[in-house]
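Visitor: Sending over a structure as structure tokens; questions will come in a sec.
The values are calculated or read from the model by the stated rules, or taken from the named source; none is laboratory data. Predicted, not measured: the structure shown is a model, and the values here were computed from it. Don't worry about glycine lacking a Cβ; one is built from the backbone with ideal geometry, like all the others, and counts go over all protein chains shown.
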Amino acid sequence: MLHLAFTERALLADEMGLGKTIRAIAACALLKRLGKAERILVVTPASLKTEWEEQIRMFTDLPCRPVFGSPSARRTAYDAQTFFTVLNYEQLIRDAAIVNQRFKPDVVILDEAQRIKN
């Protein structure tokens, strides 16, 4: 967790079930506490968005917003001052310019990162 929090770029590539999600959440919570992050973007397969939301709510009291809905609803989500914003890869493809322009994340977490190559 400390390696993730204090390395500008990090890759966490453990096997399933070893706590990658909670370590990523803990690293972000530490960065928030230290004043080094205000906006976290979690990009995940659509099937895992609610899992990320549940884990964030279970282990932190930090605000979390999964992004769903129409383009205008998604823009509203990006404008909100929510610490964790969770979206799926397909949304990121459609909304990349808006995310970079409006949301401007301090940290980006790519869950199942091999999907980004596509």
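Conditions tested, residue by residue: (1) surrounded by 18 or more Cβ atoms within 10 Å (Cβ to Cβ); (2) under 25 Å from residue 94 (Cα atoms); (3) at pLDDT below 90; (4) under 12 Å from the mean Cα position of the chain (by Cα).
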position: 12; (1), (2), (3), (4): no, no, yes, no
position: 15; (1), (2), (3), (4): no, no, yes, no
position: 19; (1), (2), (3), (4): no, no, yes, no
position: 32; (1), (2), (3), (4): yes, no, no, no
position: 64; (1), (2), (3), (4): yes, yes, no, yes
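Visitor: Could you say which residue among 111, 95 is of a type outside the set (A, V, I, L, M, F, W, C), under 21 Å from residue 22 (Cβ atoms), surrounded by 13 or more Cβ atoms within 10 Å (Cβ to Cβ) and in contact with a helix residue (DSSP H, G or I) (Cβ under 9 Å, 6 or more places away or on another chain)? Spell out how you get there, then give the answer.
Guide: On the way: 95 fails: under 21 Å from residue 22 (Cβ atoms).
Criteria check complete, one pass: 111.
Visitor: Same structure, new question: If I ask for residues that are more than 20 Å from residue 102 (Cβ to Cβ) and either of a type in the set (Asp, Glu) or surrounded by 15 or more Cβ atoms within 10 Å (Cβ to Cβ) (or both), which ones from the stretch 45-61 would you list? Spell out how you get there, then give the answer.
Guide: Filtering the stretch 45-61 down to residues more than 20 Å from residue 102 (Cβ to Cβ) leaves 45-48, 50-61.
Once the filter is applied, which keeps residues that are more than 20 Å from residue 102 (Cβ to Cβ) and either of a type in the set (Asp, Glu) or surrounded by 15 or more Cβ atoms within 10 Å (Cβ to Cβ) (or both), the stretch 45-61 yields 48, 51, 52, 53, 54, 55, 56, 60, 61.
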